[in-house]
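The values are calculated or read from the model by the stated rules, or taken from the named source; none is laboratory data. On a predicted model such as this, the values are computed, not experimentally measured, just so you know. Ideal geometry is used to build each Cβ from the backbone, glycine not excepted, and the neighbour counts take in all protein chains shown.
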Amino acid sequence: MFNVAVSVEVRSLLGVKLADNLGSGETISFDVKARMEEKERRSGRVTVGFSLSVGTKPSVVKFEVEGIAILEGRDSEIEKMLEVDPETQIPYVFQRVYQHIFMSMYLLSTLINAPYPPPNLLFSGQQQMPVASISQGSATSEKENTQADEVIAVPPEEEPLESSEESTEPQRS
């Protein structure tokens, strides 16, 4: 869609497990707060800073990610990338940023044994996040109380390690 290279550098990643007692079959909704701010602009290159905070209701886990995204390409293509997608109300560049940082949040959630946000958290047409254009300055968006019947996160089941009955060492007689 866009001929723009986007490189994302995560500068800070925090995951805090706030509770252990998540009931079986309990639904979790995610609250998202996102911010992007243009840091530097040169011909063919724009650097934006971003921060993303994802919490849950009930309060089980919270993730905070900060970093920078560098967009490189033709100026006209970069400008389009900084525009807001009319369907999701999120700048196109932030969609690329979330694709990158989702993996970090997912890995962190498995380490702390907590629910992870869905990979499409920002992209569902029914999860509107009003965001202003960020081409000249900063934009702030907040999404409160993602609909619980649409976003359900369950940590992946971990298979227990089982001891092997067979030995790989040679038998001695």
### Message
Looking at V61, V8, V48, can you tell me which residue is farther than 25 Å from Y116 by Cα, in contact (Cβ under 8 Å) with a residue 40 or more places away in the chain, in contact with a helix residue (DSSP H, G or I) (Cβ under 8 Å, 6 or more places away or on another chain) and buried (at least 16 other Cβ atoms within 10 Å of the Cβ)?
### Response
V48
### Query
In segment 20-57, what residues are part of a loop (DSSP other than H, G, I, E, B) and modelled with pLDDT under 90?
D20, N21, L22, G23, S24, G25, E26, T27, I28
#### Entry: Verdict on L71 being hydrophobic (A, V, I, L, M, F, W, C), assigned to a strand (DSSP E or B) and loosely packed, with under 13 Cβ neighbours inside 10 Å
no
### Message
Take S43 and tell me if it is under 23 Å from L107 (Cβ atoms), in contact (Cβ under 8 Å) with a residue 24 or more places away in the chain and exposed (fewer than 15 other Cβ atoms within 10 Å of the Cβ).
### Response
no
### Query
Counting just the residues of segment 74-106 that are under 25 Å from S43 (Cα atoms) and without any contact (Cβ under 8 Å) to a residue 24 or more places away in the chain, which one comes out surrounded by the fewest Cβ atoms within 10 Å (Cβ to Cβ)?
S76
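So, in segment 23-40, of the ones that are surrounded by fewer than 18 Cβ atoms within 10 Å (Cβ to Cβ) and in contact (Cβ under 8 Å) with a residue 60 or more places away in the chain, which residue ends up farthest from V84 (Cα to Cα)?
Selected residue: T27.
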